[in-house]
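The structure under discussion appears below in the form of structure tokens.
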Amino acid sequence: MSPWFPRWHIGGTCLLVKTDKGLVLVDTGLGLHDYSNPSPMVRFFKLDFGVHNDHENAAVCQIARLGYSPKDVQHIVLTHLHFDHAGGVPDFPHAQVHVHRREFEAMQHPRKLTELAYDQKDFIHNPSWVLYEQPNAEWLGFEAIRLPFSPEMYLVPLFGHTAGHCGVAIQDNDGWIFHCADALPTNAQFNLTPQWLNRLIIGAHVPRIQAWATTHPEVRLLAGHMWKSFFKQQRSAV
Ligand SMILES: [Zn+2]
């Protein structure tokens, strides 16, 4: 049972946003095929992260329980293309998939160790890609790329974990949600992992984001993987 690695009991952060262009899903988490026919990599991930092997956890099933059909999700914005963030892409075959061009190219030609976590099965249906490259905006001090949705949404390049990894900022009433994905560790608020390890696995952004967050109380920071207790609180808050 993976004795060399603690079990984390965490879930993946996926956001469903109502926009002027229909529902936008920000990261998909694991997809149906990761439950029905998981690769060895996905099996290990589910074991270590304490993921229940129940396909009802897939975003497409959770969204159906909210009363929507998969076709209502017209756009998917991905922080990066690792299997645990993009595994659900084939469950929404009609959606346009928005991602940074560098990330798309890294997935096509993986070179680094962290790029082994791309699963080509997630993209075998040849989705309709929308690729972004040049920052064309500033979002609260970060170079950013404006996404074509209202409420305002931005891709915020936070390269390091993968070649084209980005955070996603979403306007939320009076404030913002900043989905930092794997540029921020699950335990960011406790600093449980040393910065050298963070730099190695998730890039060099943690100290900057933590310092920046102290001056931006209007921003709600989310990591790509949060404790399961966080998701339970969200459910009871709805
Ligand atoms: Zn990742």
Original post:
If you take just the helices (runs of 4 or more DSSP H) that sit entirely in the range 21-106, which of them hold at least 3 residues that are hydrophobic (A, V, I, L, M, F, W, C)?
Top reply: 40-48, 59-65
Original post:
If you take the residues in the range 161-174 that are away from the ligand (no atom under 13 Å from the Cβ) and at pLDDT below 95, which one is farthest from the chain's Cα centre (by Cα)?
Top reply: 174
Original post:
With 155, 116, 184 as the choices, which residue is open to solvent by less than 20 Å² (accessible area, probe 1.4 Å), within 13 Å of the ligand (Cβ to nearest atom) and under 19 Å from residue 224 (Cα atoms)?
Top reply: 184
Original post:
Looking only at residues in the range 206-234 that are over 11 Å from residue 176 (Cβ atoms) and among the basic types (Lys, Arg), which one is farthest from the ligand (Cβ to nearest atom)?
Top reply: 232
Original post:
(1) open to solvent by less than 40 Å² (accessible area, probe 1.4 Å); (2) touching a residue at least 40 places away in the same chain (Cβ under 8 Å); (3) of a type in the set (Gly, Ala, Ser): which one isn't true of residue 144, the others all being true?
Top reply: (2)
**OP:** Could you tell me whether residue 37 is open to solvent by 60 Å² or more (accessible area, probe 1.4 Å) and either touching a Pro at 6+ places or on another chain (Cβ under 9 Å) or within 28 Å of residue 169 (Cα to Cα) (or both)?
**Re:** no
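Looking only at the range 52-64, decide whether some residue is under 30 Å from residue 215 (Cβ atoms) and surrounded by 13 or more Cβ atoms within 10 Å (Cβ to Cβ).
no
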Original post:
What are the residue pairs meeting all of these: first residue in the range 38-56, first residue within 18 Å of residue 118 (Cα to Cα), second residue assigned to a helix (DSSP H, G or I) and hydrophobic (A, V, I, L, M, F, W, C), Cβ atoms under 7 Å, and 6 or more apart or on different chains?
Top reply: 41/83; 41/117; 42/83
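The values are calculated or read from the model by the stated rules, or taken from the named source; none is laboratory data. Model, not experiment: these values are computed from the prediction. No Cβ is skipped: glycine too gets one built from the backbone with ideal geometry, and neighbour counts run over all protein chains shown. For accessibility, only protein heavy atoms count, side chains too; no ligands or nucleic acids. Shrake-Rupley method; radii C 1.70, N 1.55, O 1.52, S 1.80 Å.
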